[in-house]
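Trainee: This is the structure, below, for whatever I ask next.
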Amino acid sequence: MLLTIIDKAYVWDVNSKGKDIELLDSDTVAYKKEIEDFETVLGIIPLSSGKYYWEIIINNISEPEDLFIGIAAKGFNLYSQPAPGNQFWGYIPCAGRKMGTNADRAKYGEMCVCNDIIGVQLELGGDKRKITFYRNQVSPYVSISIEKHGCGF
């Protein structure tokens, strides 16, 4: 899997990635060298409160449910597939599904293809905690609500 972060202010964290993920181009490109196991790479910017937006280009697809884009709580296991609950909220773009509290792989728009740009809009603050995904600047459905308890950020 090969992913590129478009906004150079957001980069992948060299200390928060699986051993088979190689970071390239000033840590804006994540390349997974082996596809047998699940591995995660996290961004370097800690998210606590406020509004955030970043975009990711899908450069390569191996299997529809191998790529998850979203946010993870502190302590997220870098070597496991994201599971529903209070550790990961996100989008499985190549399968057209979402994950998060009460949204275990629910249908969420069309399946993405190579060169699609995935926009991620995150709002954290007070009672407004949600994440919205865009495919080529179009949001497929409603935002994913993030449970306040246990999220770790």
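Read-outs throughout are calculated quantities, based only on the coordinates presented, and are distinct from any laboratory measurement. Because the structure is a prediction, the values reported are computed rather than measured. Please note: Cβ atoms are built from the backbone with ideal geometry, for glycine as well, and neighbour counts cover all protein chains shown.
Trainee: Just rank TRP89, TRP54, fewest to most, by other beta-carbon atoms within 10 angstrom.
Mentor: Values: TRP89 26, TRP54 17.
Starting with the residue having the fewest Cβ neighbours, the order is TRP54, TRP89.
Trainee: Still on this model: Quick one: order GLU39, GLU55, GLU65 by neighbouring beta-carbon count within 10 Å, fewest to most. Working shown, then result.
Mentor: Numbers: GLU39 20, GLU55 17, GLU65 12.
Ranking GLU39, GLU55, GLU65 by Cβ neighbours within 10 Å, fewest first, gives GLU65, GLU55, GLU39.
Trainee: Excluding ASN77 itself, calculate the net charge of residues whose Cβ lies under 14 Å from the Cβ of ASN77, where each Lys or Arg counts +1 and each Asp or Glu counts -1. Intermediate values should be presented prior to the final figure.
Mentor: Values: positive: LYS17, LYS19, LYS74; negative: ASP37, GLU39.
After counting each charged neighbour, the total is +1.
Trainee: Quick one: dipole size for the stretch 2-145, taken about the Cα centre, charges +1 on Lys/Arg Cβ and -1 on Asp/Glu Cβ, in debye to the nearest 20.
Mentor: Working: 15 positive and 19 negative charges, 127 e Å.
So the dipole magnitude of the stretch 2-145 works out to roughly 620 debye.
Trainee: With a ≥ b ≥ c the root eigenvalues of the C-alpha gyration tensor of the stretch 2-145, is it rounded (a/c under 1.5), prolate (a/b larger than b/c) or oblate?
Mentor: Note, shape of the stretch 2-145 comes out rounded.
Trainee: Note the full-extension length gain between ASN59 and ALA83 as 0.36 nm times their separation in residues minus their Cα-Cα distance, in nm to one decimal. Working shown, then result.
Mentor: Details: separation 24, 0.36 × 24 = 8.64 nm, distance 2.42 nm.
Working it through step by step, the gained length comes to 6.2 nm.
Trainee: Could you please report the charge total around ILE21, scoring K, R as +1 and D, E as -1 over all other residues with beta-carbon less than 12 angstrom from its beta-carbon?
Mentor: Working: positive: LYS17, LYS19, LYS32, LYS33; negative: ASP13, ASP20, GLU22, ASP27, GLU34, ASP37, GLU39.
Computed value for this residue: -3.
Trainee: Are any of the pairs LYS51/LYS107; LYS33/LYS74; LYS33/LYS128; LYS51/LYS74; LYS74/LYS107; LYS19/LYS74 more than 29 Å apart by Cα-Cα distance, and if so, which?
Mentor: Numbers: LYS51/LYS107 25 Å; LYS33/LYS74 25 Å; LYS33/LYS128 38 Å; LYS51/LYS74 19 Å; LYS74/LYS107 27 Å; LYS19/LYS74 19 Å.
Beyond 29 Å between Cα atoms: LYS33/LYS128.
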